Amino acid sequence: MTYGATILDAEGLRLSADEKHLFREANPFGFILFARNIESADQVRALCGDMREAVGHNCPITIDQEGGRVQRLRAPLARDWQPPLDHVQAAGQGAERAMYLRYRLIAAELLALGIDSNCAPCGDLLTPGTHPFLKNRCYGDLPDQVIRLARAAAQGHLDGGVLPVLKHMPGHGRALVDSHKDLPHVTAALDDLEVSDFAVFKALKDLPLGMTAHLVYEALDGGAATLSPVVMDYIRQQIGFDGLVMTDDISMKALAGTPAENAAAARQAGCDLVLYCNGPLAQRQAVAEAAGVLDADGLRRAEAALARRQEPAPLDIDAAEAELSALMGGRVYV
């Protein structure tokens, strides 16, 4: 099967006729949901059905449900989770199990609504200068710690039938500015990056999907990682990640070009999928055309990722919540 090399979104609570036509023609690999797309459980399930019907296959539908500030689903449709860093700190020695349970419960929340992917875990390494937009989304400041916690979070997703998207490759923690607004530059030496930020992603290279970072790693290249063939080759060859790679949102201000220009550049750099969010219909069409379709390697990686989308393992939700509460001294939710 051929897939369009995009992850696209919808404007509202259901697809418009024009959106249905675009998605039928563009056949994006998947979709992403935002708060504007969420009103009720039945409505979300119906929107997911619209999306899958439009493309004619059981495409993955993802969301940003990290917990804390980055959480599209809120009560009563989902638990209001603490930020990840607060969660880890509250759990202390039990953090690894607590992160597994957190994301196993999140996976159950998502799958019940027809959502079968999540843009988590976050493998970014916390540093003294990590920008506030990312700081409490990180899991810790030591590579081994972040590896263990991100692995637990990813496994919680997979056991729940939800595909995790590891982000932001090859590491966003040294960014001193918000890539939603500016292009961060990382000046650290390659030797330092390889034993810290990059080491996390190398240890998690077997996960099915990953998301790029809109950062310049001056030790590798002078351009934004998402659009850099040098950085993408490093991710594939040195870090060894052979999963499906999607861009972070190409409409973010860190990237200077038009969405269509950024889509074409990301694909030429080696990204499999282009994530484009919050644009008008004509821009979504232009991005889909610029991104094209998955090539043979991308299709192989896509099929391997989809094969990791399994039926969820049995879960006693009451028991999981009780265990999580005990691990965290009752400080689980906001």
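Read-outs throughout are calculated quantities, based only on the coordinates presented, and are distinct from any laboratory measurement. Bear in mind that the values here come from a model prediction, so they are computed numbers and not experimental data. We place every Cβ from the backbone using ideal geometry, glycine too, and count neighbours over all the protein chains shown.
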Worksheet item: Can you list the HN-Hα couplings for the stretch 34-48, worked out from phi with the Karplus curve (6.51, -1.76, 1.60; θ = phi - 60°), rounded to whole Hz and with x for Gly and Pro?
Response: 10, 4, 5, 8, 10, 10, 8, 4, 4, 5, 5, 4, 5, 5, 4
Worksheet entry | Förster radius 25 Å - calculated FRET efficiency between F34 and D295 (Cβ-Cβ, nearest 0.05) | 0.30
Item to complete: Kindly provide the pair-distance distribution of the chain built from C-alpha pairs, with 10 Å bins from 0 and whole-percent values in order of increasing distance.
Response: 6, 28, 36, 24, 6, 0
Practice prompt. Only loop residues by DSSP count here, and only those with at most 16 other Cβ atoms within 10 Å; note down the trypsin sites (Lys or Arg not before Pro) in the stretch 61-113 that meet that.
Written response: R69, R74
Worksheet, complete the sentence: Taking placed amide H atoms and a strict 5 Å upper bound, the residues 5 or more places from A120 or on another chain that come that close are V165
Practice prompt. Can you figure out the FRET efficiency of V230 with R331, using R₀ = 51 Å and their beta-carbon distance, to the nearest 0.05?
Written response: 0.70
Worksheet item: For the residues E311, E19, what sequence is obtained by ranking on other C-beta atoms within 10 Å, fewest first?
Response: E311, E19
Practice prompt. Read phi for every residue in the stretch 306-314 and hand back ³J(HN,Hα) as whole Hz from Karplus 6.51 cos²θ - 1.76 cosθ + 1.60, θ = phi - 60°, with x for Gly and Pro.
Written response: 4, 5, 7, 7, 9, 4, x, 5, x
Practice prompt. Sum -39500 (n - 2.57) across every DSSP H segment of at least 4 residues in the chain, then divide by the residue count to get the 222 nm mean residue ellipticity, nearest 500.
Written response: -12000 deg cm²/dmol
Discussion item. How much length would be gained if the chain were fully extended between A319 and A189, taking 0.36 nm per residue of separation minus their Cα-Cα distance, in nm to one decimal?
Written reply: 42.1 nm
Practice prompt. Please list, or write none, the lysines whose alpha carbon is within less than 16 Å of the alpha carbon of K202, excluding same-chain residues fewer than 8 places away.
Written response: K167
Item to complete: Mind putting a number on the dipole of the chain about its Cα centre? Charges go on the C-beta only, +1 for Lys and Arg and -1 for Asp and Glu, and I need it in Debye to the nearest 20.
Response: 340 debye
Worksheet item: How large is ³J(HN,Hα) for each residue in the stretch 272-277, as worked out from phi by the Karplus curve 6.51 cos²θ - 1.76 cosθ + 1.60 (θ = phi - 60°), to whole Hz, x for Gly and Pro?
Response: 6, 10, 9, 8, 10, 10
Item to complete: Scale the Cα Rg of the stretch 175-214 by the rule-of-thumb value 2.2 N^0.38 Å and send over the ratio, two decimals.
Response: 1.35
Worksheet, complete the sentence: With 0.36 nm assigned to each residue of separation and the Cα-Cα distance removed, K135 to Q238 gains 34.4 nm
Worksheet entry | Counting DSSP beta bridges with both ends in the chain, the antiparallel % (nearest 5) | 20 percent
Practice prompt. Could you please tell me the mean projected area of the C-alpha convex hull for the stretch 1-153, averaged over all directions and given in square nanometres to one decimal?
Written response: 9.8 nm²
Practice prompt. Scan around W81 for amide H atoms under 5 Å from its own, H built in the peptide plane at 1.01 Å from N, and keep only partners 5 or more places away or cross-chain.
Written response: G68, V334
